[in-house]
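Accompanying notes for the structure given below.
We did not get these values from a lab; they are worked out from the coordinates using the rules stated. Keep in mind it's a predicted model, so treat the numbers as computed, not measured. Cβ coordinates were reconstructed from backbone atoms using ideal geometry, including for glycine residues, and neighbour counts include every protein chain displayed.
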Amino acid sequence: MQVKDCTFLITGAASGLGAATAERLVAAGGNVVLCDMNNSVTEHAERLGDCAAACIADITSAEQMQQAIDEAVRMGGAGGLSGVIHCAGVVSVAKLVDRNGNPADLESYAKTININLVGTFNVMRLAAAAMAKNTPNESGERGVIINTASIAAFDGQVGQCAYSASKAGVVGMSLPAARELSRHAIRVIAIAPGVFETPMMSEIPDEAAQALAAAVPFPKRLGKPDEFAQLAEQIITNPMLNGEVIRLDGGIRMQ
Ligand SMILES: NC(=O)c1ccc[n+]([C@@H]2O[C@H](COP(=O)([O-])OP(=O)(O)OC[C@H]3O[C@@H](n4cnc5c(N)ncnc54)[C@H](O)[C@@H]3O)[C@@H](O)[C@H]2O)c1
């Protein structure tokens, strides 16, 4: 799959990893639909120019995501939608039992699972149905789905039951989805980022951020959003990458 002249839908594109991916794909000659529930996605798309359009949608909504996919298919013209880079997600922290002995809130657990896991399934199913209608390109491919997991899927820390479970679910879906969609010539890969410098991480105190950076074997720093985007571009263009979860973390293993 090439980026140039192909059309991609990017969720979570108002911020962080999704926004960086949109910039990189446009720079490589692609067309992008930037999807986010945050209205600022519109300004971001405008800044990227004619190759970008915005779509305000909640990834957990079947109707809103269908509209976003339809918009991307329209933008793709004869080539249709070539790929989805699904970055929208939320982080949450809650202990099973807090310092006063109260159990964790069940609704907030379910909310994290709904956005990060059910939302990913929603995006995947609608994107796959649209891309299955594509005419295969010269290398026989119809499309590629890139999901965003987290190293918390493997090395979850205290307070991350909901977040880790949601991302472990994203990891768990990669292989069965790739196997199923192989008959449509659609690849499925997940990226499991370590700690990246994005608005999501800006809420952690400076000291904690420095400790995290120091815990990375090499390079001893947080990841840059464009390094995520770089991997997304490589996944799009390398047809042998499929059914895999790729850690992008400088070698960090959370304690
Ligand atoms: N930043 C990190 O260190 C890190 C590490 C591992 C995994 N991740 C994952 O990467 C993804 C992107 O994270 P980020 O750091 O860029 O975060 P971010 O907060 O900068 O961006 C996330 C975007 O998702 C959007 N979003 C949230 N819920 C949505 C919904 N229901 N519908 C539509 N849009 C929604 C937000 O509006 C926001 O623009 C997330 O899935 C996150 O869990 C991030």
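Can you name every residue in the stretch 180-201 that is under 13 Å from the mean Cα position of the chain (by Cα) and either in a loop (DSSP other than H, G, I, E, B) or more than 11 Å from the ligand (Cβ to nearest atom) (or both)?
Answer for the stretch 180-201, where residues must be under 13 Å from the mean Cα position of the chain (by Cα) and either in a loop (DSSP other than H, G, I, E, B) or more than 11 Å from the ligand (Cβ to nearest atom) (or both): 188, 189.
Return the residues of the stretch 4-53 that are of a type in the set (A, V, I, L, M) and surrounded by fewer than 17 Cβ atoms within 10 Å (Cβ to Cβ); say none if nothing qualifies.
Of everything in the stretch 4-53, those that are of a type in the set (A, V, I, L, M) and surrounded by fewer than 17 Cβ atoms within 10 Å (Cβ to Cβ) turn out to be 27, 28.
Considering each residue of the stretch 19-47, count those that are out of contact with any strand residue (DSSP E or B) (no Cβ under 7 Å at 6 or more places or on another chain) and part of a helix (DSSP H, G or I), and give that number.
Total satisfying the criteria: 8.
Condition first: touching a residue at least 60 places away in the same chain (Cβ under 8 Å), over 23 Å from residue 232 (Cβ atoms) and of a type outside the set (Phe, Trp, Tyr). Can you find one or more residues in the stretch 95-117 that meet it?
Within the stretch 95-117, one or more residues are touching a residue at least 60 places away in the same chain (Cβ under 8 Å), over 23 Å from residue 232 (Cβ atoms) and of a type outside the set (Phe, Trp, Tyr).
Scan the stretch 116-125 and give yes if some residue there is over 21 Å from residue 202 (Cβ atoms), away from the ligand (no atom under 14 Å from the Cβ) and surrounded by 23 or more Cβ atoms within 10 Å (Cβ to Cβ), otherwise no.
Within the stretch 116-125 (the criterion being over 21 Å from residue 202 (Cβ atoms), away from the ligand (no atom under 14 Å from the Cβ) and surrounded by 23 or more Cβ atoms within 10 Å (Cβ to Cβ)), the answer is no, since none of the residues qualifies.
For residue 142, work out the one condition from (1) in contact (Cβ under 8 Å) with a residue 60 or more places away in the chain; (2) buried (at least 23 other Cβ atoms within 10 Å of the Cβ) it doesn't fulfil.
Of everything listed in (1) in contact (Cβ under 8 Å) with a residue 60 or more places away in the chain; (2) buried (at least 23 other Cβ atoms within 10 Å of the Cβ), residue 142 misses just condition (1).
Which residues, counting only those in the stretch 93-106, are touching a Cys at 6+ places or on another chain (Cβ under 9 Å) and either closer than 24 Å to residue 184 by Cβ or within 16 Å of the ligand (Cβ to nearest atom) (or both)?
Answer for the stretch 93-106, where residues must be touching a Cys at 6+ places or on another chain (Cβ under 9 Å) and either closer than 24 Å to residue 184 by Cβ or within 16 Å of the ligand (Cβ to nearest atom) (or both): just 94.
Is there a residue being more than 25 Å from residue 96 (Cα to Cα), away from the ligand (no atom under 11 Å from the Cβ) and part of a helix (DSSP H, G or I) anywhere in the stretch 166-173?
Yes, there is a match, as at least one residue in the stretch 166-173 is more than 25 Å from residue 96 (Cα to Cα), away from the ligand (no atom under 11 Å from the Cβ) and part of a helix (DSSP H, G or I).
Of the residues in the stretch 48-69, how many are under 19 Å from the mean Cα position of the chain (by Cα) and part of a helix (DSSP H, G or I)?
Selection size over the stretch 48-69: 7.
Out of curiosity, is residue 177 surrounded by 13 or more Cβ atoms within 10 Å (Cβ to Cβ), farther than 21 Å from residue 228 by Cα and more than 10 Å from the ligand (Cβ to nearest atom)?
Taking the combined requirement at face value, the residue satisfies it.
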